[in-house]
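Notes to accompany the following structure.
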Amino acid sequence: MLENYDNVFDDILLTFEEILWKGQPRRDILTSRDLLYLCFWMMWFALGVYIGYTGYFDYNNAYIIAAGAVVALLSLAMIFGRMNRKDYKDKNTYYLITNQRVIILMQLRYKRILEIELDKIKVYRKAVRRSGAGTIYLNIDLQDLIDAYHDYNLDGTDRPVKKIFSSTIFKNIPEADSVFVTLEQAIRDYKKEEAEYGNV
């Protein structure tokens with residue numbers, strides 16, 4: 001289900017292009033990188049609490065107490081900041097599979113659109129959790145990937161593309177197995193149609 005879906009793909013879709021699936025990342029899933037980040041800053045938070053505790057009960061030193069409080073508060077700020085950034089990014093990321101392309105749209109401080117024709121996808125694989133949610137990885141040639149990226153400012157003007165990822169993903173999507181089957185079938189149908197037109 002798309003929480004923020006409000007015809008966000010209308011100006012991207014081509015004439016006669018058919019939507020096969022659309023979705024967003026699940027916002028209640030933490031990745032392994034998120035967990036490592038949280039563990040790291042939780043250790044700093046615990047250290048800050050320990051410093052403050054020893055400063056109060058063992059040394060009765062205001063400077064030590066203040067140092068512990070700063071470490072603990074900074075750790076909490078980093079934890080909640082990370083979670084807020086993740087939630088904001090996932091809430092404004094949209095995925096689309098059509099009968100012609102895979103499209104990823106991110107509406108953050110700027111608008112990023114990644115459009116990949118189905119025949120440009122060389123390798124695709126999935127990693128699915130027991131809950132059924134998972135991530136689909138798409139690999140295409142670097143030049144095709146560069147051509148697929150389009151960045152825009154909020155006023156619609158072009159923005160230079162500063163960062164390109166070597167692989168494209170549908171991250172933490174619900175019912176990943178079903179979406180993977182849809183993608184496989186779309187790629188097969190597209191290549192079959194291209195071959196038929198080529199033989200005409």
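Classify the range 120-159: rounded, prolate or oblate, from the alpha-carbon gyration tensor (a ≥ b ≥ c, eigenvalue square roots; a/c under 1.5 rounded; otherwise prolate if a/b is larger than b/c)? Kindly include the intermediate steps, with their values, before the conclusion.
Details: a/c = 6.32, a/b = 1.66, b/c = 3.79.
Cα axes put the range 120-159 in the oblate bin.
Where only protein heavy atoms count, and the probe is 1.4 Å, what is the accessible area per residue for the chain in Å²?
Working: 12550 Å² over 200 residues.
Computed with neighbouring chains in place, this is 63 Å² per residue.
Between Asp58 and Arg82, the contour length at 0.36 nm per residue exceeds the Cα-Cα span by 5.3 nm.
Run the dipole for the chain about the Cα centre, Lys and Arg Cβ at +1, Asp and Glu Cβ at -1, nothing else charged, and hand back the magnitude in debye, nearest 20. Don't skip to the answer; put the middle values down first.
Details: 26 positive and 27 negative charges, 188 e Å.
Around 900 debye, computed over the chain.
For the range 64-150, dividing the convex hull volume of the Cα atoms by the residue count gives 162 Å³ per residue. Other residues with beta-carbon under 14 Å from the beta-carbon of Lys86 carry, at +1 per Lys or Arg and -1 per Asp or Glu, a net charge of +4. Expressed as a whole percent, the accessible area of the chain that falls on carbon and sulfur atoms is 56 (1.4 Å probe). Normalised by the number of residues in the chain, the average gap of Cα pairs under 8 Å and 6 or more apart makes the relative contact order 20 percent. Each of Tyr110, Gly132, Leu76 was scored by the projection of its Cα onto the charge dipole of the chain, and the greatest displacement toward the positive side belongs to Leu76; charges sit on the C-beta of Lys, Arg, Asp and Glu. With the charge dipole of the range 1-156 set up from +1 on Lys and Arg Cβ and -1 on Asp and Glu Cβ about the Cα centre, the Cα lying farthest toward the positive end among the listed residues Tyr59, Ile12, Cys39 is that of Tyr59. Could you bin all the Cα-Cα distances of the chain into 5 Å bins starting at 0 and give me the percent of pairs in each, rounded to whole numbers? Percent of pairs per bin, in order: 1, 7, 12, 14, 16, 13, 9, 7, 6, 5, 4, 3, 2, 1, 1, 0, 0, 0.
The values are calculated or read from the model by the stated rules, or taken from the named source; none is laboratory data. On a predicted model such as this, the values are computed, not experimentally measured, just so you know. All Cβ positions, even for glycine, are placed from backbone atoms using ideal geometry, and neighbour counts span all protein chains on display. With ligands, DNA and RNA removed, areas are computed over all heavy atoms of the protein, side chains included. Shrake-Rupley method; radii C 1.70, N 1.55, O 1.52, S 1.80 Å.
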